[in-house]
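What follows is a short report on a single structure.
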Amino acid sequence: MTKNALVTGITGQDGAYLAKWLLEKGYAVHGVMARRGSDSLWRLRELGVADDVRYIDGDLLDVTSLIRAMEISRADEVYNLGAMSFVGTSWTQPILTAQVTGVGAVNVLEAVRIVNNKARFYQASTSEMFGLIQAAKQDESTPFYPRSPYGVAKLMAHWATVNYRESFGLHASSGILFNHESPLRGPEFVTRKVTLAVARIKNGLQKELRLGNIDAKRDWGFAGDYVQAMWSMLQQKAADDYVIATGTTTTVRNMCEIAFAHVGLKYEDYVVIDPEFFRPAEVDVLLGNPAKALDQLGWAPTTSLSELIGMMVDADMRRLEHRPA
C-alpha cells in the first residue's frame, strides 16, 4: 500500500530533497503551504518534483489548518521541517521565531495527536541547540546551551517532541542535524552566500565578498544525504533522537578557500571582514558525533565538503548563465 507523508517546510531546501526521496520510494507526498507571499516552488522545480507533490494550505501558527492537513493527507508519516530558519534574523524577530519555530512544532504535534496518534512524527532539531558547546564533540547526551533566539525556539520544539513521545506515546523522533547545505540553500546562509559570490566574482559581476567571523567552525554536510537519515528514523521500531553530522569541522575561512579555488581564485583577494556580520552571541565551534546514527540507522554521509562546495559553485555558475544580472 502507498504510504502518505505530510511535510511542513516543503518549499525549503530539506523539504525539496525529502520530497524527492519519498516520491522515489513510492510515497504520496503532501506539502503544507503557508500563504505569506514568500513561498516558492523553485527548489522543487529544480529537482523535477514540483508537479508530483500535493499541496495543502496551512500554517504552523494555525493548528486548525494543521488538523485539516492531517485529515486530508491521511498521513502515516509527518515531517516537521517548517521554521523561521535563519539564525541571524532571529535576533531581530525573536517573538516570530518563538511562535513559528517553537509553538509551531507543538501545533503540529497536537494535530498528529488529535487526528492520528499512530502516525510517525519527525522533528527537525538543530546543532544550534548546543550553542556554547559543553563537549568538544557533541552527541545525543551533550547538554544544550543555545546562543540565539532560533536555538532557544528549536530547543522548545525538541523537548516538546520528547514530551509528546513520553506523555502520549507518539512515535516522535528528532534529528539533531548539524549544518547541511546544497545548491538549493538560500543565499542568506553563509555557504550559499560564498558560492554565489564566487560565481558572480568569476563572471565580473561582483568585486568583493563581505563576511563576519570567518574563523567560526562548522560541521557541514550535504542536505541530500541528511534527508535519508530523517526517513530512516521513522522506519525504526522505537522513536528516538539522533545527531546527524559528518564528524568533521571546518572554518568558514577554509570553506571560502575551497569555493574560490574551485574556479581558480584566491579567497584572500576578495574576502573582506565586516563587523556588521558578527552575531551578538557567536557559536564558535560545532562538531557532531554521528556514531549512534551509524550504529542504529546504518546512516553515514557520502558527500565530502569539497564535493559539496564544488556542486554549489557549479550550480551558481550555471544559474548566472541564464540570469546574469
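The figures follow:
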read-out	value
Residue within region 251-269 that is over 20 Å from the mean Cα position of the chain (by Cα), closer than 21 Å to residue 86 by Cβ and of a type in the set (A, V, I, L, M) present	yes
Residue under evaluation residue 245, criteria (1) over 27 Å from residue 121 (Cβ atoms); (2) buried (at least 19 other Cβ atoms within 10 Å of the Cβ), criterion not met	(1)
Residue ID - nearest to residue 209 (Cα to Cα), chosen from residues in region 259-306 that are β-branched (Val, Ile, Thr) and part of a loop (DSSP other than H, G, I, E, B)	263
Elements of type strands (runs of 3 or more DSSP E) in region 1-102, at least 3 residues being β-branched (Val, Ile, Thr) and in contact with a strand residue (DSSP E or B) (Cβ under 6 Å, 6 or more places away or on another chain)	none
Cross-chain or 6+ apart pairs with Cβ under 6 Å, region 265-280 first and among the aromatic types (Phe, Trp, Tyr), then assigned to a helix (DSSP H, G or I)	267/256; 267/257; 267/260; 270/201
Among residues of region 219-242, those that are out of contact with any helix residue (DSSP H, G or I) (no Cβ under 6 Å at 6 or more places or on another chain), of a type outside the set (A, V, I, L, M, F, W, C) and buried (at least 24 other Cβ atoms within 10 Å of the Cβ), counted	3
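The numbers here are math on the coordinates, done by the rules we state, and not lab data. Since the structure is predicted, the reported quantities are computational estimates derived from the model, not experimental observations. In this analysis, Cβ positions are derived from the backbone assuming ideal geometry, glycine residues included, and neighbour counts consider all displayed protein chains.
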